[in-house]
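The values are calculated or read from the model by the stated rules, or taken from the named source; none is laboratory data. The structure displayed is predicted, hence computed values, not measured ones. Neighbour counts run over all protein chains shown; Cβ positions are idealised from the backbone, glycine included.
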Amino acid sequence: MNWNDWRVYVFIGLALVLLFLIARFIGITVGGRKRTTTRFVARVAIFGALSAVLYVVPIFQIHLPFLPPFLAIHFDEVPVFIASFAYGPWAGIGALAIKTLIKLPMTSTLAVGELADFVFSAAFILPAAIIYKKRRNLKGVAIGFTVSFFVQLIVSLLLNIYAILPFYMFVMGFSYDALLAMCQAANPAVKELGWTYGIYFVVPLNVIKNAIVLAVTFLIYRYTHKLLRFETKN
């Protein structure tokens, strides 16, 4: 294991321990509504930390052969989805924020990748969380998942083409030709860093990732939602 991998594990371990100790200390020393708020923050922190682990640890990332090396499938949205369904949309936003803050010290993209992931994940999770909050049944889950799937797909496609990719080149200093060559090495059909990039890379990546994340989220939440709701009431 190289230094970077070792540093990732140490940082995540320390973050988890620190979050637990802070939440535990505050939870013991306060009461009433403030205690309830503290419990909410502690839950969000735990799910955010789990999301960070799935985001940064290499073994939880999948690189597909038909995509350039800077694109990978992550499963960090699964804990955030579960937090959103169990505790509401604000819990999801909080977990996303914690995940992003944990990842920032290890950024290799000057925070461009982290910003993009935050926006894409928010577009993916919030619609389903809002719909499920109003309709807490299987139909609500189905509608929420369907809406979230397509909202995230549209947001990721448009922002990648018109905002994230140009901003990435501007901040990181990569030339257009260098990035295009990297993409064409994965798929010669990509002619420019625009719609062909989006159609051949962004859409397939997000279709596969969204489908896996939603399936895993459904299976986990199906068997844990009663436990999470019982824990919320106590």
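Looking only at the range 24-73, which residues are out of contact with any Lys or Arg (no Cβ under 8 Å at 6 or more places or on another chain) and at pLDDT below 55?
24, 25, 26, 28, 29, 30, 31, 32, 33, 34, 35
Find all pairs meeting these conditions: Cβ atoms under 7 angstrom apart; at least six residues apart or on different chains; first residue within the range 55-66 and under 19 Å from residue 118 (Cα atoms); second residue of a type in the set (Phe, Trp, Tyr) and in a loop (DSSP other than H, G, I, E, B).
60/75
Given 165, 214, which one is of a type in the set (A, V, I, L, M), part of a helix (DSSP H, G or I) and farther than 30 Å from residue 86 by Cα? Step through it out loud before you land on a result.
Working: 214 fails: farther than 30 Å from residue 86 by Cα.
When all the criteria are applied, what remains is 165.
Find all pairs meeting these conditions: Cβ atoms under 6 angstrom apart; at least six residues apart or on different chains; first residue within the range 88-109 and surrounded by 15 or more Cβ atoms within 10 Å (Cβ to Cβ); second residue assigned to a helix (DSSP H, G or I) and among the polar types (S, T, N, Q).
Listed by first residue and then by second, the contacts come to 91/84; 92/84; 95/51; 96/121; 99/51.
For residue 116, all conditions in the list (1) under 15 Å from the mean Cα position of the chain (by Cα); (2) under 21 Å from residue 69 (Cα atoms); (3) surrounded by 21 or more Cβ atoms within 10 Å (Cβ to Cβ); (4) not acidic (Asp, Glu) hold save one; what is the number of the exception?
Looking at each condition in turn, residue 116 falls short on (3).
Could you tell me which residue of the range 149-185 is farthest from the chain's Cα centre (by Cα), considering only residues that are of a type in the set (S, T, N, Q) and within 17 Å of residue 113 (Cβ to Cβ)? Write out each step before concluding.
Initial filter on the range 149-185 (of a type in the set (S, T, N, Q)): 152, 156, 160, 175, 184.
When the remaining residues are screened for being within 17 Å of residue 113 (Cβ to Cβ), the result is 152, 156, 160.
Values: 152: 12, 156: 13, 160: 16 Å.
Looking at the filtered set, the residue picked out is 160.
Between 116, 95, which is modelled with pLDDT of 90 or more and in a helix (DSSP H, G or I)? Steps first, please.
Details: 116 fails: modelled with pLDDT of 90 or more.
Only one candidate passes the filter, namely 95.
Anything in the range 73-92 that is within 10 Å of the chain's Cα centre (by Cα), of a type outside the set (Asp, Glu), farther than 13 Å from residue 45 by Cα and part of a helix (DSSP H, G or I)? List them, or say none.
78, 81
Those residues that are small (Gly, Ala, Ser), part of a helix (DSSP H, G or I) and farther than 14 Å from residue 204 by Cα, I need them from the range 168-192; list them, please.
178, 181, 185
Could you list all residues from the range 55-72 that are outside any loop (DSSP other than H, G, I, E, B) and within 18 Å of residue 203 (Cβ to Cβ)? Break it down stepwise before answering.
Initially, the range 55-72 is screened for residues outside any loop (DSSP other than H, G, I, E, B), giving 55-56, 58-60, 62.
Passing the criteria: only 62.
Find the residue count for the range 132-145, including only residues that are assigned to a helix (DSSP H, G or I) and more than 30 Å from residue 112 (Cβ to Cβ).
To start, the set of residues in the range 132-145 that are assigned to a helix (DSSP H, G or I) comprises 132-134, 138-145.
Applying the additional criterion that residues be more than 30 Å from residue 112 (Cβ to Cβ) yields 132-134, 138-143.
The number of residues fulfilling the criteria is 9.
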